[in-house]
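> One structure coming up, written as structure tokens, with questions to follow.
Only the coordinates and a few stated rules stand behind these numbers; no lab work does. As the structure is a prediction and not an experimental result, all values here were calculated from the model. Because the Cβ atoms are built from the backbone with ideal geometry, glycine has one as well, and the counts that use them run over all protein chains shown.
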């Protein structure tokens, strides 16, 4: 007797934010912003409707339907990273996709889980060399400590949402540095990332400086340059000379 034809199981997608899960029905449409299916925060820098997840042509897509903000989209390993500009869209092809974006001084992250990913990455362990490298940018211990001081509230995920990124004064105090030393190192780190094409690394006016810190944290978390396990480095003694980097 011939086997009966079996219809393919539809891919199911679930959004996770701050410990809550939002399943999306096949063929459905899910909106993220100040309002929508995921009302992420009452933040006036955030679009009322910013991102949309929808099934089109048998694939799930993430679209930026805002007019100003962009989002960073990465797979769970950090091996693939893309910037989603206004008007752009990307297929959700990974089992777990992280979406990170900044609205004013605050950075947010949610993840999208797919039951039937169309792409599965491979994991590779790099040799430990004593320096962290992303692209062609090596980071010293003190530079990584600076990144961790800025990203610490987000990495710890305290509370029900993403915490505000600390000011330079607060981050410098966390490290026991003078603010002038912190700002000098911040300039150097941002210049390194600017050279490899990371947008938003140039500051200036106060508003731009705030956004620069937010964009920097967004990038290093999305690229997995820092993670929660690295927080122990905040209390490590750096061998760098005060003016070395």
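> Evaluate the distance, in nm, between pseudo-label points positioned 7 Å from the Cα of residue 61 and of residue 167 along their respective Cα→Cβ axes.
4.4
> Another question about this same structure. Label residue 39 and residue 14 with points 7 Å out from Cα along Cα→Cβ: what is the distance between them in nm?
2.4
> In Å³ and rounded to a whole number, note down the convex hull volume per residue for the Cα atoms of the stretch 13-114.
91
> Another question, then. Going by C-beta contacts inside 10 Å, put 24, 221 in order with the fewest on the left.
Ordered by Cβ neighbours within 10 Å, fewest first: 24, 221.
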